[in-house]
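Q: The structure follows.
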Amino acid sequence: MQSPAASQSKAAAQLEDRWEALDKAMALAEFSLDGRLISANPRFLALLRLAPEHVGTLHHAQLCPAGQAQSQAYEAMWQSLCAGHEFSGVVERLCSDGSSCWLEALYAPVRDRQGVVNHIMMVATDVTQSKRTELARRDHLWRLSLVADTTDAAIVITDANSRVVYSSDGFHRMFGWTLRELQDQKMLELLARQSPVELFERIRGDLRQGRAAEMEEVVTGKGGRRYWGKIICNPVMDAQGQWAYTVSVLLDITKTKIHEVLHHRALQAMSSDLPLMQVLEVVCEEVERLAPEVCASILQVDEQGLLHPLASPSLPFSYSSQLDGVPIGPQVGSCGAAAWRKSPVLVTDIATDPLWADFRHLVLPLGFNVCWSTPILRKDGRVLGTFAFYYRQNSPVVASSFHQQLVEACTDLCVLAM
């Protein structure tokens with residue numbers, strides 16, 4: 001059985017071994033309350049490229065970048081240490097050769113037997129390499145963000161839970177949301193609200209497997225702004241091959257896609273030898289599928305300047321039939337006035353606008369209070385008819401750029417069909 005003296009001797013030896021190991025692994029230094037370096041182990045001197053003669057003469061502020069040493073934050077930190085409070089964190093320190101190193105440091109006030117702080121102990125490890133890697137990565141991301149923010153493409157980065165962590169200026173310009181408003185939102189569900197959940201799950205399944213995914217959908221921005229967007233999703237995998245992030249690029253393909261879809265549907269109807277009215281019904285139905293907030297209507301203008309309903313699938317027949325044979329004129333609703341002027345007419349308050357004085361009693365009971373009509377013109381300027389959008393009261397979106405592109409595509413198709 002060991003004697004108490006032998007046990008104490010063994011414990012002292014173990015403690016000495018631990019301190020020796022600590023001294024080799026960690027940078028240790030002591031500073032007086034006025035910041036003068038009063039002791040430093042070889043590891044500290046080596047990290048900061050200091051010579052033994054620096055001990056006793058060098059001040060802590062000389063180890064800090066000039067802007068930091070002269071800052072109020074630095075002065076507050078040192079006053080806090082002298083008052084007995086610890087400080088820890090990753091700090092940049094200057095070496096004697098002018099280079100910088102980064103230390104994971106703990107500053108601890110040391111008290112005398114009366115409990116008064118008499119000097120400051122610093123314990124640190126070198127994290128320069130990892131910090132430089134982090135700074136290089138941050139600089140790389142900053143350069144990438146500059147590229148992303150100067151392009152018109154909308155770029156979004158989401159994490160493995162599909163939550164937004166970055167959005168470019170192009171995204172803000174296109175959709176209106178700021179990054180703060182987007183954070184913790186699921187990007188696909190937010191933008192493509194009409195798309196089935198199964199589509200999102202299929203895309204995320206591809207991303208988990210490391211495969212890029214694409215989709216073309218009608219997407220909605222802040223305040224109801226709508227686009228036809230092409231969304232290209234590229235997965236970013238971590239070191240273990242697990243899906244970590246997704247970089248998505250969103251392109252506005254509204255004009256191209258609207259022409260493609262509407263022309264396909266209309267030409268398909270025409271190639272089936274459907275009557276003109278049915279072809280135009282198909283056009284109106286497709287428009288209302290893309291923009292469910294509108295009711296589309298197509299009227300024909302005959303040689304005598306009389307209006308005749310051709311297609312209006314969402315308007316009651318009782319309303320459309322009462323427009324049959326009405327002559328166009330400067331105050332004949334939105335459509336009659338548009339045909340008369342040969343230019344678009346937007347009435348935003350049917351209840352009070354004089355253009356609708358003779359017709360408002362027909363349309364207001366249906367819940368509509370806005371009508372935007374565009375003339376359908378041949379190349380020689382002759383009016384073939386009108387293409388109109390009716391909006392219900394308090395509609396959040398009226399005559400948007402998305403709607404304008406729908407109108408442009410549809411009037412071209414109407415000329416072709418009529």
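The values are calculated or read from the model by the stated rules, or taken from the named source; none is laboratory data. The structure presented is a predicted model; accordingly, all values stated were derived computationally and were not measured. In this analysis, Cβ positions are derived from the backbone assuming ideal geometry, glycine residues included, and neighbour counts consider all displayed protein chains. The accessibility values were calculated without ligands, DNA or RNA, using every heavy atom of the protein model including side chains. Shrake-Rupley method; radii C 1.70, N 1.55, O 1.52, S 1.80 Å.
Q: Could you identify the single residue in Thr151, Thr133, Thr125 that is at pLDDT 65 or above, surrounded by 10 or more Cβ atoms within 10 Å (Cβ to Cβ) and in a loop (DSSP other than H, G, I, E, B)?
A: Thr151
Q: Output the residue which, of all residues in the stretch 280-295 that are crowded, with 20+ Cβ neighbours inside 10 Å and either among the small types (Gly, Ala, Ser) or not in a helix (DSSP H, G or I) (or both), is modelled with the lowest pLDDT.
A: Val294
Q: Please verify whether the stretch 257-268 includes one or more residues that are modelled with pLDDT under 75 and of a type in the set (S, T, N, Q).
A: Checked against the condition, which is being modelled with pLDDT under 75 and of a type in the set (S, T, N, Q), the stretch 257-268 yields at least one hit.
Q: Hey, Ser271 hits all of (1) surrounded by fewer than 14 Cβ atoms within 10 Å (Cβ to Cβ); (2) modelled with pLDDT of 90 or more; (3) hydroxyl-bearing (Ser, Thr, Tyr) but one; which does it fall short on?
A: The one condition Ser271 does not meet is (2).
Q: Please go through the stretch 97-121 and pick out each residue that is open to solvent by less than 70 Å² (accessible area, probe 1.4 Å) and either of a type in the set (Phe, Trp, Tyr) or without any contact (Cβ under 8 Å) to a residue 60 or more places away in the chain (or both).
A: The answer is Gly98, Ser99, Ser100, Cys101, Trp102, Ala105, Leu106, Tyr107, Ala108, Pro109, Asp112, Gly115.
Q: Give the residue that is farthest from Glu286 (Cα to Cα), with candidates limited to residues of the stretch 226-264 that are of a type in the set (A, V, I, L, M, F, W, C) and over 19 Å from the mean Cα position of the chain (by Cα).
A: Going through the qualifying residues, I end up with Ala239.
Q: Any residue that is assigned to a strand (DSSP E or B) and free of Cβ contacts under 8 Å to residues at least 40 places away in the same chain - is there at least one of those in the stretch 296-306?
A: yes
Q: State whether one or more residues within the stretch 65-81 are within 41 Å of the chain's Cα centre (by Cα), open to solvent by 60 Å² or more (accessible area, probe 1.4 Å) and in contact (Cβ under 8 Å) with a residue 12 or more places away in the chain.
A: Taking every residue of the stretch 65-81 in turn, at least one turns out to be within 41 Å of the chain's Cα centre (by Cα), open to solvent by 60 Å² or more (accessible area, probe 1.4 Å) and in contact (Cβ under 8 Å) with a residue 12 or more places away in the chain.
Q: Only one of Val398, Val363 is surrounded by 13 or more Cβ atoms within 10 Å (Cβ to Cβ) and in a loop (DSSP other than H, G, I, E, B). Can you tell me which?
A: After ruling out the rest, the residue left standing is Val398.
Q: Give the stretch 367-388 a look and list any residue that's open to solvent by 50 Å² or more (accessible area, probe 1.4 Å) and either touching a residue at least 24 places away in the same chain (Cβ under 8 Å) or aromatic (Phe, Trp, Tyr) (or both), or say none.
A: Passing the criteria: Leu377, Arg378.
Q: For the stretch 307-323, give me each residue that is assigned to a loop (DSSP other than H, G, I, E, B), of a type in the set (S, T, N, Q) and either free of Cβ contacts under 8 Å to residues at least 12 places away in the same chain or farther than 24 Å from Leu377 by Cβ (or both).
A: If the condition is that a residue be assigned to a loop (DSSP other than H, G, I, E, B), of a type in the set (S, T, N, Q) and either free of Cβ contacts under 8 Å to residues at least 12 places away in the same chain or farther than 24 Å from Leu377 by Cβ (or both), then Ser314 is the only one that fits.
Q: Let me ask you something else. Right, Glu189: open to solvent by 30 Å² or more (accessible area, probe 1.4 Å) and modelled with pLDDT of 85 or more or not?
A: no
Q: For the stretch 168-191, give me the residue count where each residue is touching a residue at least 60 places away in the same chain (Cβ under 8 Å) and basic (Lys, Arg).
A: Matching residues across the stretch 168-191 total 0.
Q: Going by what's in this entry, would Gln304 be described as over 18 Å from Leu406 (Cα atoms) and out of contact with any helix residue (DSSP H, G or I) (no Cβ under 8 Å at 6 or more places or on another chain)? Reasoning before the result, please.
A: On the way: over 18 Å from Leu406 (Cα atoms): yes; out of contact with any helix residue (DSSP H, G or I) (no Cβ under 8 Å at 6 or more places or on another chain): yes.
Considered against the rule, which asks whether it is over 18 Å from Leu406 (Cα atoms) and out of contact with any helix residue (DSSP H, G or I) (no Cβ under 8 Å at 6 or more places or on another chain), Gln304 comes out as yes.
Q: Inside the stretch 1-79, counting only helices (runs of 4 or more DSSP H) that do not spill past its ends, which hold 2 or more residues that are modelled with pLDDT under 85 and farther than 19 Å from Met122 by Cβ?
A: Qualifying helices (runs of 4 or more DSSP H): 4-25.
Q: Turning to a different aspect of this structure: For the stretch 209-237, how many residues meet the condition of being open to solvent by 60 Å² or more (accessible area, probe 1.4 Å) and in a loop (DSSP other than H, G, I, E, B)?
A: 4
Q: Next question. Just give me the residues in the stretch 401-418 being surrounded by fewer than 17 Cβ atoms within 10 Å (Cβ to Cβ) and of a type in the set (Gly, Ala, Ser), in sequence order.
A: Scanning the stretch 401-418 gives a single hit, Ser401.
Q: Also, quick follow-up: Please verify whether Ser248 is at pLDDT 80 or above, closer than 28 Å to Leu190 by Cβ and hydroxyl-bearing (Ser, Thr, Tyr), treating the condition exactly as stated.
A: Yes, satisfied.
Q: Condition (residue is closer than 18 Å to Tyr227 by Cα, free of Cβ contacts under 8 Å to residues at least 12 places away in the same chain and open to solvent by less than 80 Å² (accessible area, probe 1.4 Å)) applied to the stretch 201-208: is it met by at least one residue? So that I can check it myself, show each step before the final result.
A: Of the residues in the stretch 201-208, the ones closer than 18 Å to Tyr227 by Cα are none.
Within the stretch 201-208 (the criterion being closer than 18 Å to Tyr227 by Cα, free of Cβ contacts under 8 Å to residues at least 12 places away in the same chain and open to solvent by less than 80 Å² (accessible area, probe 1.4 Å)), the answer is no, since none of the residues qualifies.
Q: When you go through Val363, Val407 one by one, which is the residue that is among the β-branched types (Val, Ile, Thr), under 36 Å from the mean Cα position of the chain (by Cα) and closer than 21 Å to Ser314 by Cβ?
A: Result of the check over Val363, Val407: Val407.
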